[in-house]
Amino acid sequence: MLRTIESKFLIGFLLIFFLSFLVLNQTVKKVIWSNNENIVTSDLIELKKNSLVYMNQAFLINHYKNDELYFGDMSSDIVENLSHSTGNNVGVYTLDGKLLTSSNETVFSKGSEDDLKHAINGKDAYHITYDQHQADVFYSFPVVIDGTKVGILRFSKNFDLLYKQSGEVLNIIFNTALIIFLIAFLFSYILSRHITIPIVKLSKASSKVKKGNLDVDIQSHRHDEIGQLTTDFNDMIKRIKDQISTIENDRDRLKVLNEQEKRFFDHMTHELKTPLTSIQGYAEIIKHKGEKDPVFFQKGMNHIVSESRRLHNLVIKLLEVSRETPSDLKFQKLNAGTILKDVCESMNFRAERYKKKIIFDIEDELYVYGERNRLRQLFINLLDNAIKYSLPTSEIIIRGNIVNQTYILFLFQNPSDPLENSEKKTSDPSLEQHNIEKGSRGLGLDIAKTIVDEHKGSFEISFEYPKTIVKVKLPYIEVETYR
């Protein structure tokens, strides 16, 4: 592409200089030829003036009458005297254009007679003939004595020197202009190269960056806009490297945190399993022996109560560690629809592993007042449950829309087996109400219910054959009225 830019510069300069050269050459040529015509016209006017003075004097001195007969009688004298005095070939014609006599019949017998035809009609006229760098002017005009036309004089005047000088001047101007334009074109080409070479370097560096190679550093000592562009490009690459380094550090730190979290939950699982095993063991023995052994019964009940309290405290600590309190949350205006779309796209990979599909239809500008991470956790939990507990190869439908400009309704719908004990259950999806396995769907729905309550919304789960439907309602914030 940059070669194309350089070619465009080259072609553009060629066109500009070529057209400018042609225009200049034609303009100078036109000016010189126009000036030559003015010189020729001026000379011919002076020639006519002198000739008429001679004719009037000749008629006056010889007392000729002013008619054609006497003009014809003195034609030889006219030719001889005017040819001698002007240094030009002279021809004398009758009023109808018939040649009476001339200083050189060969000259007046060749070429065009347009000037003579105009003179027959009573007008002055001339025309120029060119032959192998020679320029001859034929000039004709009627002779008028005392207001009466008596004949026509025709001159052949040579202007070779004038047009030869004009040609030399044109050649000098042409060659000078050509040299100037060639130098200007060469300078323009060098200037264009000076501009395009850094752009070529930037293009190659950009291609490397696009392929993932960030080890580029363009050296530039220019202090113009291209130099500033190069500096900005190097700064951009440096910032990208810094961002990548930051991301890698965050990734490593997140990996460490995940490992710590895993160790923490492994520890907590062990801590929870120990009292549960103990409680289960004592409960089974008490069930078997009953109250036959009062001492053991009392000891077992005390142990069950003690372990139950310890288990309760562990659960409370676990919940406190695993989530922020509402007072710690920083609420702000958020587009919940955008968050949900992002979650749907992210979770779609998980759904595909189970050969399931997420289909979502979410309106734009679903603004709520909330905390981004908590809303994201809400949608992840609900989608995760929908993926886990939907029927094989099913489609999970997600919708989000504004209802009556008062609240936003998020609908999660997936084909599933019916919820136990009830056709429809609402408001509080507790573990016991739905008889769901501990630590799975019940815990996820409990967390979801807590997040919805934090955002002053409502939560509802129901089963309408053959699908489970979860509805989340959050207060809607109008964009134009929000402050």
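The values are calculated or read from the model by the stated rules, or taken from the named source; none is laboratory data. Just so we're clear, the structure is a prediction, and the values are computed from it rather than from any experiment. Neighbour counts are summed over all protein chains in view; Cβ atoms, including those assigned to glycine, are modelled from backbone coordinates with ideal geometry.
Structure summary
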read-out	value
Residue in segment 308-321 that is of a type in the set (S, T, Y), at pLDDT 65 or above, out of contact with any Gly (no Cβ under 6 Å at 6 or more places or on another chain) and under 26 Å from R399 (Cα atoms) present	no
Extreme residue, surrounded by the fewest Cβ atoms within 10 Å (Cβ to Cβ), among residues of segment 74-124 that are more than 23 Å from L60 (Cβ to Cβ) and hydroxyl-bearing (S, T, Y)	T106
Residue that is nearest to A177 (Cα to Cα), among those in segment 3-50 that are among the acidic types (D, E) and without any contact (Cβ under 8 Å) to a residue 24 or more places away in the chain	E37
Among the candidates I183, I145, residue that is in contact (Cβ under 8 Å) with a residue 12 or more places away in the chain and farther than 18 Å from E113 by Cα	I145
Residue check, A135 modelled with pLDDT under 85, among the small types (G, A, S) and under 20 Å from S42 (Cβ atoms)	yes
Residues (part of a helix (DSSP H, G or I) and either under 18 Å from I197 (Cβ atoms) or in contact (Cβ under 8 Å) with a residue 40 or more places away in the chain (or both)) located in segment 208-231	K208, E225, I226, G227, Q228, L229, T230, T231
Options S83, S112: the member that is part of a helix (DSSP H, G or I), of a type in the set (S, T, N, Q), out of contact with any helix residue (DSSP H, G or I) (no Cβ under 7 Å at 6 or more places or on another chain) and touching a residue at least 12 places away in the same chain (Cβ under 8 Å)	S83
Filter pass, G151 being modelled with pLDDT under 80 and either small (G, A, S) or assigned to a strand (DSSP E or B) (or both)	no
Yes/no for K201 being modelled with pLDDT of 80 or more and surrounded by 14 or more Cβ atoms within 10 Å (Cβ to Cβ)	no
Qualifying residue in segment 159-170 (condition: in a strand (DSSP E or B) and not charged (D, E, K, R))	no
